[in-house]
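The structure appears below as structure tokens.
The values are calculated or read from the model by the stated rules, or taken from the named source; none is laboratory data. The model shown is predicted, which means the values in this text are computed figures rather than measured ones. Please note: Cβ atoms are built from the backbone with ideal geometry, for glycine as well, and neighbour counts cover all protein chains shown. Keep in mind that these areas ignore ligands, DNA and RNA; they rest on the heavy atoms of the full protein, side chains included. Shrake-Rupley method; radii C 1.70, N 1.55, O 1.52, S 1.80 Å.
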Amino acid sequence: MIKKTIRDVELSGKTVFIRVDFNVPIKEGVVEDDTRIRGAIPTIEYALENGAKVVLASHLGRPLKDKKKAEEKGVEFDVSKYSLAPVAKKLSDLLTKPVDFEDSSELSDGYAKISALQDGEIVMLENLRLNAGEEKNDPEFAKTLAKGVDIYVNDAFGTAHRAHASTEGITHFVDTCVAGLLMEKELAFLGKALNDPERPFVAILGGAKVSDKIPVIESLIKRKVDKLLIGGAMAYTFFKAQGFTVGKSLVEDDMMPTALEVERKAKEAGVELLLPTDHQVVDSYDPINSRKAIQIEFTNAGLVGLDIGPDTAARFAQALEGAKTIVWNGPMGMFEEKPFDEGTLAIANAVAEATANGATSIVGGGDSVAAVNQAGLADKISHISTGGGATLEFLAGDELPGVAALDDK
Ligand code: ADP
Ligand code: MG
């Protein structure tokens, strides 16, 4: 599992291709949230300080897929929204250093810029996904990317679950392929939690769909997590499978047998599985004024459950006391709508408190990370994972193609 990193190789005078994840929100040509850009800076600065010529590459959105959709609907398509130019500018500001931008996505031209690079200089390529070869993992495109490259560095953990030309294909055409510092950090935290966790190990899972999370739940049970707390809409599939009325709450009927199976497996493995005992419901005819906390068993057909209740929040918080490893994915309720963020915020606070008391905590998943940021608690969590799908696949125990392709120690 331990991979060679950028620290293990000689960089001076070398052309170093760094695959980063600069898939950031951009509005009217300005980067709205630069978290991902800042995440890659340690790797970029390390390469520059060690005398490398740096080529940066990322994807941004899904331009070709969106273009196809727009054409099918007959609406206008503005490809300029998919340019990484604003990101190059933002990066230049953050580094206080010029970042040359290759604005052509035709890389045969772009590579002229690379051969002209001097030690300590940076060029950033245009959005890789403007080229059909990227997502197809086309060997010809991968070969083009590898042209003139001495060392390949993958620092894009969030894209490592995809075998694309810039995450997998390219590694067949470059001799030295190593992990960047952000990738190293992700693998260290997630790998330790999964393979050698300090105990008690408590996992919290929530979010909308059981089907999204089944592989993760099964992998955590197999690894004998000590406690598994399940909240969010996901819990209703368990309740309905147990014979409770869940009203109009979100349920995946076809996942009910799987939910029962999960409960059986948890029991067999000696994993303590905690489900909510109460929840915040609204009357589906008057959702604004009807919020109330009730016990799960009192739910009637007209109600919708949108958050865990206070008893559950307290029980879950108690279950986190004394934990040494915590993994959290998936909010406890519809946290985007106040006051249905209360349950999620209570759990975020409990995780932060357990962390202050010595737990290593990991939060992964786009919405879960957004919730922790919304709570202002990001710096009280040991590790905020930059991956959504990649984090889930990693926790499910799958090997990520972008990681598997790197050199071992
Ligand atoms: P993550 O992105 O962290 O992996 P998910 O995408 O699985 O999380 O789940 C987040 C979504 O689940 C949010 O949009 C949230 O509103 C929704 N959700 C959670 N609980 C409920 C609920 N009880 N009813 C409706 N939606 C819910
Ligand atoms: Mg999500």
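Selection over region 352-369 of residues that are open to solvent by 40 Å² or more (accessible area, probe 1.4 Å) and either more than 16 Å from ligand 1 (Cβ to nearest atom) or not in a helix (DSSP H, G or I) (or both) gives a count of 5. Whenever a residue of region 309-338 is within 18 Å of LYS192 (Cα to Cα) and within 16 Å of ligand 1 (Cβ to nearest atom), its partners that are small (Gly, Ala, Ser) and in a helix (DSSP H, G or I), lying with C-beta atoms within less than 9 angstrom and at least six residues away or across chains, give the pairs ILE326/ALA193; ILE326/ALA354; VAL327/ALA193; TRP328/ALA348; TRP328/SER368; ASN329/SER368. Out of all the residues in region 270-278, is one or more open to solvent by 80 Å² or more (accessible area, probe 1.4 Å) and assigned to a helix (DSSP H, G or I)? So far as region 270-278 goes, no, none of its residues is open to solvent by 80 Å² or more (accessible area, probe 1.4 Å) and assigned to a helix (DSSP H, G or I).
Whether a residue is part of a loop (DSSP other than H, G, I, E, B), open to solvent by less than 60 Å² (accessible area, probe 1.4 Å) and modelled with pLDDT of 95 or more was assessed, and PHE22 passes this test.
Can you say whether LYS338 is over 24 Å from GLU218 (Cα atoms) and open to solvent by 70 Å² or more (accessible area, probe 1.4 Å), as far as the supplied structure shows? It is true that LYS338 is over 24 Å from GLU218 (Cα atoms) and open to solvent by 70 Å² or more (accessible area, probe 1.4 Å). Residues that are over 21 Å from LEU250 (Cβ atoms), part of a helix (DSSP H, G or I) and among the polar types (S, T, N, Q) within region 296-329 comprise just one, GLN318.
Taken together, GLU140, GLU134 contain a single residue that is part of a helix (DSSP H, G or I) and crowded, with 24+ Cβ neighbours inside 10 Å, which is GLU134.
Applying a threshold of 8 Å to beta carbon distances and a minimum spacing of six or more residues, or different chains, the list of pairs starting in region 358-386 at a residue that is within 11 Å of THR325 (Cα to Cα) and ending at one that is assigned to a loop (DSSP other than H, G, I, E, B) and open to solvent by 50 Å² or more (accessible area, probe 1.4 Å) reads GLY358/LYS324; ALA359/LYS324; THR360/GLU198; THR360/LYS324. Quick test of your reading of the structure: ALA301 fulfils all but one of (1) open to solvent by 20 Å² or more (accessible area, probe 1.4 Å); (2) among the aliphatic types (A, V, I, L, M); (3) within 29 Å of the chain's Cα centre (by Cα). Name the failing condition by number. ALA301 satisfies all of (1) open to solvent by 20 Å² or more (accessible area, probe 1.4 Å); (2) among the aliphatic types (A, V, I, L, M); (3) within 29 Å of the chain's Cα centre (by Cα) except (3).
Looking only at region 184-241, which residues are surrounded by fewer than 24 Cβ atoms within 10 Å (Cβ to Cβ) and acidic (Asp, Glu)? Within region 184-241, GLU184, ASP196, GLU198, ASP212, GLU218, ASP226 qualify. Looking at the structure I just gave you, is ASN349 under 26 Å from LYS292 (Cα atoms), open to solvent by 50 Å² or more (accessible area, probe 1.4 Å) and away from ligand 1 (no atom under 12 Å from the Cβ)? Spelling it out, ASN349 is indeed under 26 Å from LYS292 (Cα atoms), open to solvent by 50 Å² or more (accessible area, probe 1.4 Å) and away from ligand 1 (no atom under 12 Å from the Cβ).
If the condition is being farther than 11 Å from ALA160 by Cβ and either within 14 Å of ligand 2 (Cβ to nearest atom) or touching an Asp or Glu at 6+ places or on another chain (Cβ under 9 Å) (or both), then region 374-402 contributes GLN374, ALA375, LYS380, HIS383, SER385, GLY388, LEU392, ALA396, GLY397.
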